[in-house]
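FYI, it's all coordinate maths here, none of it is from the lab. Not measured: the values here are computed from a predicted model. Backbone-built Cβ (ideal geometry, glycine too); neighbour counts: all protein chains shown.
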Amino acid sequence: MSIILDLSPTLSILISAAVSIIYTVLGGLYAVAYTDVIQLSFIFVSLWLCIPFMFLSPAVTDLSQTIHLNESNVHSWIGEALGGLSCQSLHQRILAAASSSKAQVSCFAAAAFAFIMGIPSVIIGATAASADWNQTEYGLPPPYERGEAGNVLPLALSYITPAWVSVLGIGAIAAAVMSSMDSALLSSASMFTQNIYKTTLRKQASDRELQCVTRICVLLVGLAGAGLAFNRSSILALWMLIADLLYCVVTPQLTCVGLLRSANCYGAISGYTVALLLRVLSGDPALGIPPVLLYPGWREDDGVITQYFPFRTLIAFISLAVVVLVSCLVQLGFNHNVIPQSWDVLDVFKKKIEAEEDETSTPLSHEGNNFVLNTSL
């Protein structure tokens, strides 16, 4: 045990990488549908195993003494923002659900599990904020003053917990990153291959050719990601931009797909356009986009305008209202012949009418006493 506790940082990193590979391999031994469940279970259990050792560390004080709701000279572990469910993984799984009911259940289940899975990270962050880093090998100043608050989870596991415990925690984090990375690489490459290369560039491409294109795309996307990884500000800006756009623009669309049957393509395009326009006009300091729309409570400090109003949520609700309103108006217009059927360029109502006519006009074929109903299903 003493040998394990005296591991060098390099050896600890190597062992953590080995543990993360074991996590990933164990998850991959099962069907793809259960891989994420197994890996998340490993991560959840590993982080919970690290928490008691963090509490027992002499560098950690009582958490109740470090909660500062008001401004003070001591760093408070009460932050200013919360995470959310607006992520690409949720959208992919919801849209890939077998039915609308399963998609709805998945949304509510994801909200509950996201809260539960976030508890260990919150506890570890609070422990790191209340720790006396001068008693650790990390020393002073603490991660917050060094601008390394984003790395507080691996730092806390590395310097506050024993080496063999940090191996479990960091290995779990590395496994999660590896799992997400290979999914991102494969999905990006497959989308380009199927949606652009096969559909537009080479419709007659063979399966072997598509396989080669997918491999080349994986390599190119991996190189692009590695290049972006050297610039922290770009990674953070891109991550925040993606989460921002998903919440403001895509989440209302997903809500309509899962909960509102009256929504159609015309309303979706209108809501998408309005949300994207409002988001751009609201500005983004990280990307250097000045705000054109100023919401209540805005402030200007050193020439930088900060919007304190929850305008992202407002944009999401406006987009949702536009989708519903435009969908209903367009549907009424086509159903009452106010809008000519020739204007249905997306064939939304044409296909719907044809489907209804097929259901009503299909006769019942029978042989003797055996009746068979022929439908489009």
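Could you compute the FRET efficiency for Val122 and Phe317, with r as their C-beta to C-beta distance and R0 at 25 Å, rounded to 0.05? If you can, show how the numbers build up before the last one.
Details: r = 28 Å, r/R0 = 1.11.
Working from the Cβ atoms, E equals 0.35.
Check which residues have an amide H placed less than 5 Å from Asp284's amide H, if you skip close sequence neighbours.
Long-range HN contacts for Asp284: Ile289.
Report the label-to-label distance for Cys212 and Leu276 in nanometres (one decimal), using points 7 Å from each Cα along the Cα→Cβ vector.
3.4 nm
Could you work out how far apart the two model spin labels at Leu245 and Thr199 are, taking each label as a point 7 Å from the Cα in the direction of the beta carbon, and quote it in nm?
1.7 nm
Note the full-extension length gain between Gln104 and Leu260 as 0.36 nm times their separation in residues minus their Cα-Cα distance, in nm to one decimal.
So the chain would gain 55.1 nm between Gln104 and Leu260.
How do 253-266, 177-190 rank on mean C-beta neighbours within 10 Å, highest first?
253-266, 177-190
How big is the range 87-154 along each principal axis, measuring the range of its Cα positions in Å and listing the largest first?
Principal extents (Cα only, largest first): 55, 18, 15 Å.
Between Gln341 and Asp301, what is 0.36 nm times their sequence separation minus the Cα-Cα distance? Round to one decimal in nm.
Additional length available on full extension: 9.0 nm.
What is the local net charge at Arg202, summed over the other residues whose Cβ is closer than 14 Å to its Cβ (Lys, Arg +1; Asp, Glu -1)? Let's see the in-between values first.
Numbers: positive: Lys198, Lys203, Arg208; negative: Asp207, Glu209.
That works out to +1.
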